[in-house]
Every structure is written in C-alpha cells, then in structure tokens.
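Novice: Let me give you the structure first, and then I'll get to my questions.
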Amino acid sequence: MTATAGTRSVSVIVATRGRGPACRRLCLAVEGQFERHPEVGAELVLVFDGCPAYDWVSPALSYRVVSLAHRAGIAGARNAGLAAASGDVVAFLDDDCVPADGWLSSLLAALDAYPEVVAFGGRVVGADRANLYAQLRDRIYYDETFGSWYAGCGSAGDLPGPPYVSGGNCAYRREAIEAARGFDPILPAYSDVDLGRRLGLRQRGVLVAGMSILHDHPGDFGRYIERCARSGRARGLLWVHRRYPEHAPGAVARAILGNVLWINLVRRPRRVDAARAKTIGVLFCQEVVHGFGYTAAVAAAVCRAGRVRRVRAGGRPGRAARRRMGTGGPR
C-alpha cells in the first residue's frame, strides 16, 4: 500500500531483521487500519536491516521496500525508512508488536487536537504480562519514566509533555524530525530518548491514550541482559557526544549504587509478581551489566580521543613504530 492523494499522508515505517512471522502479523494489522481510513494517503515502508526480504513480501503488496546491504542498527534503519517515506507524518512501529485497533484513528485525531505538538506516542505493553522481564520493563522502567499514566489501559486520557516517545510506537511531523536529522545512528539504544530531548518534547510532545501497542518484550534472561548492556553503552555514548548531565560518570555511578543498595532491594521487587530473590538477582545483574556497558563505551571514547590528540600533535611514534623506522629509541 503506497501513499495516495488525501487530506493528510501518513507513512508507517517498520525496521525489521529476522522476524518474518511477527512482521507479517504487524503489516496485516496496519493494512487493516489503513483500509478504515481511505481519506488518508497511507503507505507502509519496510526496511530490511542487512537481511534478505521475507518470502511473503511481493510487489502485489505495494509496500515501499528498502533493503540495506549491511546492518545499520535500529536508528540507522529507521533513518533509511524516513528518507524513503513520502508522508507528511512519519510513524514508526516495532516489527514485533501489534497496534491497538484504534491506533491510527487515535493518531489522526491527535494530529488535529494538538497542532503545536510535533511527536506522538503511546503505551508499549508487554504481550506476556506474567513474564518477569516484561514486568520489569512495564511496571518499573516505563512507570518510573512516565508515571502512573502508564499503568492505565487506554482510559486515562492523553499525557502531554513526556520526555520522549518510544521509537517502537511513535509518530512525528515530518518537518520536525527532518530538522532534527532523525535518530542518532551511533546509539545502540536510547536514540528515541536522545531525539526527544533534541526536539524538546517536554513542551512539544504527547502520549496518546489510544496509541498503545502490544509488544513482544524480551522474555528470557539472556535477551534482557543483552538489552541492558546496549542501554549502558548508549548512555556512555550520550555522555561522550552530548554531555547530558544525567549521563555523566558520577551521576551514573550514584544511580547504580542507589539502585543496588536500596531501590532494587526494597522498592522495585514489590512491583512485580515473581519471587523476591529472583527479582533482586536479575536487578543486580542488570545494574552490573549496564555499568559495564557504560564504562566500556566511555573508555573506548577516551582512548580514541587520546590517539587523535597524539596524531594531531605530531607526537613521537610509539616503540613499535620506531623499530620499524630503525630509530631504536633509548636503550
């Protein structure tokens, strides 16, 4: 389905890799919502992030397909979709989610209700609500970020002024996201958080009650911890490249210590249904891996900066280089 003439045009961009069945489920759901709004010029943009197109994708589907030769990561793939899209509103959905039945209707209504707003988002709810790792994300991370509004199921009204809108469930006015140059491709995570800060969404964003999705959160320890490591690396890169004070080494260290010594022992275990000992253990591993990822990213950046300074200063070659040149050096 591609964009047609209409009062408004919306491009839904889906970056995908290795999730053929889940992506097909999403595309069918989006197509069904497009069909209920023939007045809107709509298109579905599929970005294959360094992987072959799925066998069910054919010209008959009229999708706009972008195939990247090499893996660009989620931020780079979303930017590629943005470059290919034609809508004046660009939306992004994760390939392993299912949007609420009124997702598109709620977005269209919000575009008219909030003319000054440039970014729109909604709840990202774990499909398996009994899973510990889904609960950690929904009941702890999202609740601590967005407040009690996130615990609702679509009846609490809209929430203006969020710090960001989730990259897996969001829409932007095209001119705004293009002016911000899209997502920062250097970030393995938190590119949506960074974009929200650069766009000033505290003043120009809204979470829409009807724009919720059911999402396949990481459902096992390995995938959950891998996500924690990526988040730590992303925070380190945000400090190196943006110097946001909340991502400074001291701030991160204080936050991790506070979590390990108090919050993860007392407050957070009360919010999930799993055994207390298991919850505390997972949260402890989360902090360790997050801190390791952060430290590795900052240390790598410091080493790179040191090498660049030495090159620019025309510094003395190292011992191996002196040997290659026959200069020897002090003995």
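Novice: With out of contact with any Ser or Thr (no Cβ under 9 Å at 6 or more places or on another chain), within 21 Å of Val10 (Cα to Cα) and in contact (Cβ under 8 Å) with a residue 12 or more places away in the chain as the only criterion, which of Glu31, Glu35, Glu43 stands out?
Specialist: Glu31
Novice: Then there is this: Restricting the stretch 98-119 to residues that are in a loop (DSSP other than H, G, I, E, B) and out of contact with any Lys or Arg (no Cβ under 8 Å at 6 or more places or on another chain), which is nearest to Asp88 (Cα to Cα)?
Specialist: Across the stretch 98-119, the extreme among qualifying residues is Pro115.
Novice: A further question follows. Considering only the stretch 186-214, how many residues are out of contact with any Phe, Trp or Tyr (no Cβ under 9 Å at 6 or more places or on another chain) and either part of a strand (DSSP E or B) or at pLDDT below 95 (or both)?
Specialist: 1
Novice: Can you tell me which residue is farthest from the chain's Cα centre (by Cα) among those in the stretch 38-51 that are under 17 Å from Trp103 (Cβ atoms) and buried (at least 16 other Cβ atoms within 10 Å of the Cβ)?
Specialist: The selected residue is Val40.
Novice: Within the stretch 237-247, can one find any residue that is crowded, with 17+ Cβ neighbours inside 10 Å, in a helix (DSSP H, G or I) and either within 16 Å of the chain's Cα centre (by Cα) or among the acidic types (Asp, Glu) (or both)?
Specialist: Yes.
Novice: Scan Ala22, Ala83, Ala119, Ala77 and give me the residue that is within 28 Å of Ala179 (Cα to Cα) and either surrounded by fewer than 22 Cβ atoms within 10 Å (Cβ to Cβ) or among the polar types (S, T, N, Q) (or both).
Specialist: Answer to the check: Ala83.
Novice: Oh, and also: Any residue in the stretch 215-232 that is under 18 Å from Val118 (Cα atoms) and either in a loop (DSSP other than H, G, I, E, B) or modelled with pLDDT under 95 (or both)?
Specialist: no
The values are calculated or read from the model by the stated rules, or taken from the named source; none is laboratory data. Everything numeric here is computed off the predicted structure, so don't read it as measured data. As a convention, Cβ positions derive from the backbone with ideal geometry for all residues, glycine included, and neighbour counts pool all protein chains shown.
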